[in-house]
Amino acid sequence: MKSYIAHMAGPGEPNNQPPSEATKKALGFDGLGQTRTDAYLFMLATDKLFSEKPSDGEKASGQFRLWSQLTGEVTCETNKVKSATFKPVEAAFGKEGPLESVGEVERKVASTLTDGKVAFSYRIRGRPHNSSIAAFTAVRPRSCIYIWHDVAGEVTCQGGVPSTKISLTASAFPSHSVWVDGKSQFSVMRGPFENLWKCDPTDATRVK
């Protein structure tokens, strides 16, 4: 599982022309004057320095702000899960240049085995290095410095073979992609950039 900053500006931008409608949509901050200008410059800098496009779910390949991995062992008995065990969630956090981001496994893996199937879930969150927070504040002050993803899944068995389905709840920025057993499952492309300044009403420290 990777949460990452996909490229935001339109093709060929910036150039000597005003921002395209696609870029304006990716930015947000409609009608906010200087705040929008500051956010636009910050978005272009983010595209140049941190734009990511992960091709796999491996930690070693980078291309993430948040990375998590859950490893489990499931035993099937025909069409039912007989047993399931999970290792602790692995997590890693991206860099802003030489600066390490900060993060944690906010909720450790929890699992239940009922009716021949096993359900599991966990959540991680991360934020920029302290030295990077001022760049966000310069655009507009915010209390929500944490991005996050909350992964839930269900493992079933069919003919003695386990199968996993994943569902995802996550912050409205950046984007998120899921892999299971090395195979891409789905991606959730998030935006606009303005969403980084929209805080969760139930937890003011995290992006909505």
Exactly one condition in (1) touching a residue at least 40 places away in the same chain (Cβ under 8 Å); (2) aromatic (Phe, Trp, Tyr); (3) part of a helix (DSSP H, G or I) is false for Tyr40; which is it?
(1)
Tell me which of these Glu100 doesn't satisfy, since it passes every other one: (1) acidic (Asp, Glu); (2) free of Cβ contacts under 8 Å to residues at least 24 places away in the same chain; (3) over 24 Å from Gly182 (Cα atoms).
(2)
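State all residues of region 16-37 that are in a helix (DSSP H, G or I), farther than 17 Å from Lys198 by Cα and not hydrophobic (A, V, I, L, M, F, W, C); if no residue qualifies, say none.
Glu21, Thr23, Lys24, Gln34, Thr37
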Can you pull out the residues in region 59-85 that are over 22 Å from the mean Cα position of the chain (by Cα) and assigned to a strand (DSSP E or B)?
Glu73, Val74, Thr75, Cys76, Glu77, Lys80, Val81, Lys82, Ser83, Ala84, Thr85
Looking at Thr114, is it in contact with a strand residue (DSSP E or B) (Cβ under 7 Å, 6 or more places away or on another chain) and polar (S, T, N, Q)?
no
So, in region 93-130, of the ones that are in a loop (DSSP other than H, G, I, E, B) and open to solvent by less than 60 Å² (accessible area, probe 1.4 Å), which residue ends up farthest from Leu196 (Cα to Cα)?
Gly116
So Phe86, is it closer than 21 Å to Trp148 by Cβ, in contact with an Asp or Glu (Cβ under 9 Å, 6 or more places away or on another chain) and open to solvent by 30 Å² or more (accessible area, probe 1.4 Å)
yes
Selection from region 67-83 of residues surrounded by 15 or more Cβ atoms within 10 Å (Cβ to Cβ) and either among the β-branched types (Val, Ile, Thr) or within 16 Å of Ser121 (Cβ to Cβ) (or both) yields Ser68, Gln69, Leu70, Gly72, Val74, Val81
Just wondering, is there one or more residues in region 192-200 that are touching a His at 6+ places or on another chain (Cβ under 7 Å) and open to solvent by less than 50 Å² (accessible area, probe 1.4 Å)?
no
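Would you point out the residue of region 132-181, among those that are farther than 24 Å from Lys59 by Cβ and among the small types (Gly, Ala, Ser), that is surrounded by the fewest Cβ atoms within 10 Å (Cβ to Cβ)?
If we take residues in region 132-181 being farther than 24 Å from Lys59 by Cβ and among the small types (Gly, Ala, Ser), then Gly159 is surrounded by the fewest Cβ atoms within 10 Å (Cβ to Cβ).
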Of the listed residues (Phe186, Phe136), the one being free of Cβ contacts under 8 Å to residues at least 40 places away in the same chain and of a type in the set (Phe, Trp, Tyr) is Phe186
First in region 109-126 and over 23 Å from Ser171 (Cβ atoms), second anywhere and among the basic types (Lys, Arg) and at pLDDT 95 or above, Cβ under 8 Å, 6 or more apart
Gly116/Lys80; Lys117/Lys80
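The values are calculated or read from the model by the stated rules, or taken from the named source; none is laboratory data. In this text the structure is predicted, and so the values were computed from the model without any measurement. Ideal geometry is used to build each Cβ from the backbone, glycine not excepted, and the neighbour counts take in all protein chains shown. SASA here: full protein model, heavy atoms, side chains in, ligands and nucleic acids out. Shrake-Rupley method; radii C 1.70, N 1.55, O 1.52, S 1.80 Å.
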